[in-house]
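J.: Following this message is one structure expressed as structure tokens.
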Amino acid sequence: MTKLSVNINKIATLRNARGGNNPDVIKVALDIEKFGSDGITVHPRPDERHITKNDVYELQKVIKTEFNIEGYPDERYLSIIKDTKPSQATLVPDKPEQLTSNHGWDTIKNNKELTDIIKTLKILSPTSRVSVFIDAKPDMVKGARDCGADRVELYTQSYAENYLRNKEKAIENFVKAAQCAKDCGLGLNAGHDLSLENLEYFHKTIPYLDEVSIGHALVCDSLYYGLENTIKMYLSCLK
Ligand code: PXP
């Protein structure tokens, strides 16, 4: 079964636009769980432009499903993981000022850095699975395995971009990388620009996907369909 983890950064962006507590990020997260999501993802960036450190601590107290915390592994991120011990820590190579993740780790070039960080994470939070965000390339998958990762998350932006032109071609590299992850004994996640349009084909073609993490399109769709319907629609793409 492929799990759906809903990224709630955009809910926090909306709240922060007015400085109050509307929408209430904690309530929305709990409703997302109630509507059937298998997990909640957050990316607490240092500038706190969406999810804040305080949000993460409050969420950790109430989330009953999988809690996935993404981030660049600096001191702040490591301390959040140590304090909150989420189900999953997803390492992204973003600079703090980056608008959104736009590439995966080079797991070969950054082997030492990633190996040290993963070792540290395993000491700080032994129960947290560590996933490394990578481009869909078998070399990067093997590199992640060599660093001690439990999972990889494939960066799906190029799949989403090319899907409408030629979906068979768009998914080719993802099938190869996914097969490599399976052969390496790594779990497999995917995320970025997945949507109601392109998710079903991705899931159907790569059936041993453990989890997808989806934010932007899901929040946009919920403006039209409502949050509960939207979550059910995404879940039905993963059946
Ligand atoms: N995975 C990672 C590592 C991300 O940084 C993001 C965006 O925050 C996502 C998944 C979700 O992407 P989207 O918001 O396009 O669904």
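J.: Suppose every Lys and Arg Cβ carries +1 and every Asp and Glu Cβ carries -1, with no other charges. What dipole size does the stretch 1-139 come out with about its Cα centre, to the nearest 20 debye?
T.: Here the stretch 1-139 has a charge dipole of around 260 debye.
J.: Normalised by the number of residues in the chain, what is the relative contact order in percent for Cα pairs under 8 Å and 6+ residues apart? Don't skip to the answer; put the middle values down first.
T.: Values: 454 pairs, mean separation 48.8, N = 239.
Here the relative contact order equals 20 percent.
J.: Past 19 Å, Cα to Cα, is the threshold; run 112/142; 109/142; 53/82; 64/239 against it and keep the listed order.
T.: 64/239
J.: Which of 157, 98, 179 ends up with the largest GNM mean-square fluctuation for the chain, with Cα atoms connected below 10 Å?
T.: 98
J.: Using helices alone, I'd like the mean residue ellipticity at 222 nm for the chain: each DSSP H run of four-plus residues gives -39500 (n - 2.57), total over residue count, nearest 500.
T.: Roughly -14500 deg cm²/dmol at 222 nm, from the helical runs in the chain.
J.: In addition: Ranked by Cβ crowding within 10 angstrom, fewest neighbours first, how are 26, 117, 51 ordered?
T.: Ordered by Cβ neighbours within 10 Å, fewest first: 26, 117, 51.
J.: Enumerate the calculated ³J(HN,Hα) couplings along the stretch 141-157 in order (Karplus 6.51 cos²θ - 1.76 cosθ + 1.60, θ = phi - 60°), each rounded to whole Hz, writing x wherever the residue is Gly or Pro.
T.: Once θ is set to phi - 60°, the couplings for the stretch 141-157 become 5, 5, x, 5, 4, 5, 7, x, 5, 8, 9, 10, 10, 7, 7, 9, 4 Hz.
J.: Right, something else. Provide the convex hull volume over Cα atoms per residue for the stretch 1-63, in Å³.
T.: Measuring per residue, one finds 78 Å³ for the Cα hull of the stretch 1-63.
J.: About its Cα centre, how strong a charge dipole does the chain have in debye, to the nearest 20, once Lys and Arg get +1 and Asp and Glu get -1 at the Cβ?
T.: So the dipole magnitude of the chain works out to roughly 280 debye.
J.: Could you state the orientation-averaged shadow area of the convex hull built on the Cα atoms of the chain, in nm² to one decimal?
T.: Hull-based average projected area comes out at 11.8 nm².
J.: Counting only Cα, what are the radius of gyration and maximum Cα-Cα distance Dmax of the stretch 97-227, in Å?
T.: Using the Cα atoms of the stretch 97-227, the pair Rg, Dmax is 15.3, 46 Å.
J.: Scan around residue 87 for amide H atoms under 5 Å from its own, H built in the peptide plane at 1.01 Å from N, and keep only partners 5 or more places away or cross-chain.
T.: Distant-sequence amide H within range of residue 87: 67.
The numbers here are math on the coordinates, done by the rules we state, and not lab data. Predicted model, so just to flag it, every value in this text is computed and none were measured. Cβ: placed from backbone, ideal geometry, glycine included. Neighbour counts: every protein chain shown.
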